[in-house]
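Have a look at the structure below, then the notes.
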């Protein structure tokens, strides 16, 4: 697992130089028309918070993934899924345009009972915001 230490977002300089800075951005779903995710933008404090949350899970995942035992491989896959859920819960601030079983979906309901392809799309949006490279995304 590689940690996102810094982000090279070019638009940051433009946003900060303007009249204000929005700490969130809206991302429209490509898989489910009408659904929009509100994604928290990366800041120093949020980056530290994310690294703290992911650190121990990532260490355990790497350790278990190196094993040849099926049970430990399965535990590694489970921890990897927990890290993905953590990313979505950390980075998705709101979901609009989605109801699951009659309830308006937020990040938690999206992760627990929403369509998996929509969850994966939200995860990808959060990872883009963290500034992870393609190789780092494969390892997280």
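Values in this text are rule-based calculations from the coordinates and carry no lab data. Since we're looking at a predicted model, the values are computed, not measured. As a convention, Cβ positions derive from the backbone with ideal geometry for all residues, glycine included, and neighbour counts pool all protein chains shown.
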Problem - Separation of the residue 101 and residue 32 label points, Cα + 7 Å toward Cβ, nm - result: 1.4 nm
Exercise for the section: Could you grab the relative contact order for segment 27-140? Cα pairs under 8 Å, six or more apart, rounded to a whole percent. Expected result: 32 percent
Handout entry: Fewest-first sequence of 83, 39, 104 by Cβ atoms within 10 Å of each Cβ
Key = 104, 83, 39
Practice task
Considering Cα pairs under 8 angstrom that are at least six residues apart, work out the relative contact order of segment 86-128 and quote it in whole percent.
Solution key: 43 percent
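Based on the Cβ-Cβ distance from residue 112 to residue 66, what FRET efficiency comes out when R0 is 30 Å, to the nearest 0.05?
Calculated transfer efficiency: 0.50.
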Problem - Convex hull of Cα atoms in segment 24-139, direction-averaged projection (nm²) - result: 7.7 nm²
